[in-house]
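Following: one structure in C-alpha cells, then a few remarks.
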Amino acid sequence: MDWIINNWLEIFGVITAFLFLYLEIKEKISMWPVGIVTSAVYVIVFFKAGFYADTVLSVYYIAMGIYGWFVWSQKDNSSNITVSKMDKKHMTISIVSFALLYTVLYFILSNYTDSVVPIGDSFTTALSFVATWLLTRKILEQWHLWFVANFVSMALYIHKGLYPTAILFLFYTTMSIVGYLQWKKNMLSLANDK
C-alpha cells in the first residue's frame, strides 16, 4: 500500500495514458485533452526520475496536444484530417528533425545534466518529437516510429525502476502494431469509398 501511495501520480499517468492510446487508435479528437493531462503528469514523474529529455518531451506533448486538438477540430481543414502515407517532404523533414534533435539533446544531456542515460533519453525523445508531429497530421508511418521509441523507452524505464511506466510502454509497443493496422485499414477503406 505504501508503494501505491508513493507512486500514485505515476499510476494516474499510466491510467490516463492507456485511455489516450485507446482514443488515438480510434482516431477520436478527445484523445488530445486526455493526452494533455497525461503529459502534465509525466512532466513531474520524469523530472523526479532524472529523465530530463523526457521531461522536455512531455512539455512538448502538452503544446502539441493543444495544436493537435485545434487542427483536428477544424471542420474546413483542407487536408480533411484523414490518414495518409508519408510523402518525400514529410520523410525529409522527419529525418533531418530527428538527427538535429538527437544531436542537440545528446550534447545537452551529456554535458549539462547528471543524466545516466543520455544516449537512450536523447534517442527516444527525438524520435517521439517527430512521431508526435506526424500524428498531428495523421500520417500512418508515425506508428513505426512509436514502436521503436516505445520499445527503447520501456527498457530505459525498467533500468530506472519506473515499473508502472515500463508496463505502460510494453503495452504501447504492442499497441503500436494494432494502431498501425487499424489506421491502415481505415485509410484503405476511405480510398475504396472514393
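The values are calculated or read from the model by the stated rules, or taken from the named source; none is laboratory data. Values in this document were obtained by computation on a predicted structure and should not be read as measured data. Quick reminder, even Gly has a Cβ in these numbers, built from the backbone with ideal geometry, and neighbours come from all protein chains shown.
Of the numbered conditions (1) surrounded by fewer than 19 Cβ atoms within 10 Å (Cβ to Cβ); (2) under 23 Å from PHE51 (Cα atoms); (3) among the aromatic types (Phe, Trp, Tyr), TYR180 fails exactly one; give the number of that condition.
Among (1) surrounded by fewer than 19 Cβ atoms within 10 Å (Cβ to Cβ); (2) under 23 Å from PHE51 (Cα atoms); (3) among the aromatic types (Phe, Trp, Tyr), TYR180 violates only (2).
Would you mind stating whether LEU140 is surrounded by fewer than 18 Cβ atoms within 10 Å (Cβ to Cβ), touching a residue at least 40 places away in the same chain (Cβ under 8 Å) and farther than 19 Å from ALA40 by Cα?
Considered against the rule, which asks whether it is surrounded by fewer than 18 Cβ atoms within 10 Å (Cβ to Cβ), touching a residue at least 40 places away in the same chain (Cβ under 8 Å) and farther than 19 Å from ALA40 by Cα, LEU140 comes out as yes.
When only residues in region 40-79 that are of a type outside the set (A, V, I, L, M, F, W, C), touching a Ser or Thr at 6+ places or on another chain (Cβ under 8 Å) and over 18 Å from ASN7 (Cβ atoms) count, which is surrounded by the fewest Cβ atoms within 10 Å (Cβ to Cβ)?
This residue is TYR67.
Just the residues that are over 15 Å from the mean Cα position of the chain (by Cα) and small (Gly, Ala, Ser), please, taken from region 14-57.
SER30, ALA49, GLY50
Working only within region 113-156, note down all residues that are hydroxyl-bearing (Ser, Thr, Tyr), assigned to a helix (DSSP H, G or I) and more than 18 Å from LEU168 (Cβ to Cβ).
SER122, THR136 - these are the residues of region 113-156 that are hydroxyl-bearing (Ser, Thr, Tyr), assigned to a helix (DSSP H, G or I) and more than 18 Å from LEU168 (Cβ to Cβ).
What pairs can you find where one residue is in region 13-29 and closer than 16 Å to THR132 by Cβ, the other is surrounded by 23 or more Cβ atoms within 10 Å (Cβ to Cβ) and modelled with pLDDT of 95 or more, and their Cβ atoms are less than 7 Å apart, with a gap of 6+ or different chains?
ALA17/THR38; PHE20/GLY35; PHE20/THR38
Condition test on HIS90, is it farther than 25 Å from LEU19 by Cβ, part of a helix (DSSP H, G or I) and in contact (Cβ under 8 Å) with a residue 24 or more places away in the chain?
Working: farther than 25 Å from LEU19 by Cβ: yes; part of a helix (DSSP H, G or I): yes; in contact (Cβ under 8 Å) with a residue 24 or more places away in the chain: yes.
Considered against the rule, which asks whether it is farther than 25 Å from LEU19 by Cβ, part of a helix (DSSP H, G or I) and in contact (Cβ under 8 Å) with a residue 24 or more places away in the chain, HIS90 comes out as yes.
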